[in-house]
Structures are given as structure tokens and as C-alpha cells.
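Here the structure is laid out as C-alpha cells; the discussion comes afterwards.
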Amino acid sequence: NIFNLHWGIAPTYRGAGLIPCIAKGDFQNLGITFHKINEKSDGGDIYSTKNIKLDKSDNFYSIYLKMTLAGIDLIKKFIKDDNPNFIEQKLSNGTLYKHSEFKDNYLIYKKAFKKIKEISN
């Protein structure tokens, strides 16, 4: 078994889904997924997810730090779990976002930055 800590709530936001999640203002799906690796990008069975909450002082850097801390919590939980339960993802309930889609699309980053700023107002 190989596992992955994905910055995003799968299956809703797989791949490079963090920026689209923020750009859409979909903060209820902002968080971390700990899952098994399979042949599909961020498509393996899910052990657990953990949402993060944003506050007025957040920026891209602090969001990544919060996600890292949430991910550490999930890994600790998994290590202590004597009988981990994994749930199969329904990939049709989300989208796979590829980094190549954002390569020349600075507008999505601008939109995400604007959404973060709206929280601080």
C-alpha cells in the first residue's frame, strides 16, 4: 500500500484542485485528503479528509501551512488506527484539475487571490 496526502477534498477537487476551490469561493471543500494511491490521479480509496477554516489574516502561505498541519493530524490518526477503514471514491462527484490548465491562465490565480482578500474584509 502506498498513500498520498492530497491538498484538496477528494473527489470534489483532485489533482491541482486547491486553486480552483479557492477561486470558486468553495471554502466548505477546502482541506486535505489522505488516500491510497491507485492508477488514477488522487483517485484512490479515502481514509479521511479534514477541512480547514480561513480567517481574516489568511493568505496563500498560511492556507498551505494550515493544510500541512491538518495533514499531519490525519497521518497521526492513521498511524494510531489499528483497523483503518478506506472508502471508495466516486470520481464522478468531482473534477480532476491539471497543472497544465493553469500554466498560462493567470486569471484563476487572480480570482483566487481576490476571494482570499474578500475574507479579510
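The values are calculated or read from the model by the stated rules, or taken from the named source; none is laboratory data. Note that this is a predicted model, so its numbers are computed, not measured. Every residue, glycine as well, gets a Cβ built from its backbone with ideal geometry; the counts of neighbours run over all protein chains shown. Heads up: the accessible areas ignore ligands, DNA and RNA and are worked out on the full protein's heavy atoms, side chains in. Shrake-Rupley method; radii C 1.70, N 1.55, O 1.52, S 1.80 Å.
Data table
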| item | result |
| --- | --- |
| Computed FRET value (nearest 0.05) for Asp55 with Lys24, which takes r as the C-beta separation and R₀ as 25 Å | 0.85 |
| Fraction of accessible area attributable to carbon and sulfur, the chain (%, probe 1.4 Å) | 53 |
| Whole-number accessible area per residue in Å² for the chain, which is evaluated in the context of all protein chains at 1.4 Å | 62 |
| Beta bridge orientation in the chain: antiparallel %, DSSP, nearest 5 | 80 |
| For the range 39-54, 3J(HN,Hα) per residue [Karplus equation, 6.51 cos²θ - 1.76 cosθ + 1.60, θ = phi - 60°, Hz, x = Gly/Pro] | 6, 9, 4, 6, x, x, 4, 8, 7, 6, 10, 8, 7, 10, 10, 9 |
| Rg [Å, one decimal], Dmax [Å, integer] - the chain, C-alpha atoms | 14.6, 46 |
| Relative compactness, the range 16-57, computed as alpha-carbon Rg over 2.2 N^0.38 Å | 1.32 |
| Shape of the range 1-40, Cα gyration tensor, a/c cut at 1.5 | prolate |
| Karplus-derived HN-Hα couplings along the range 77-91 (A = 6.51, B = -1.76, C = 1.60, θ = phi - 60°), whole Hz, x at Gly and Pro | 4, 5, 4, 7, 7, 6, 9, x, 10, 10, 10, 5, 6, 9, 4 |
| Angle between the chain longest axis and helix 106-120 axis [Cα atoms, degrees, rounded to 10] | 90 |
| Residue with peak Gaussian network fluctuation, the chain [Cα springs, cutoff 10 Å], from Asn93, Asn59, Asn51 | Asn93 |
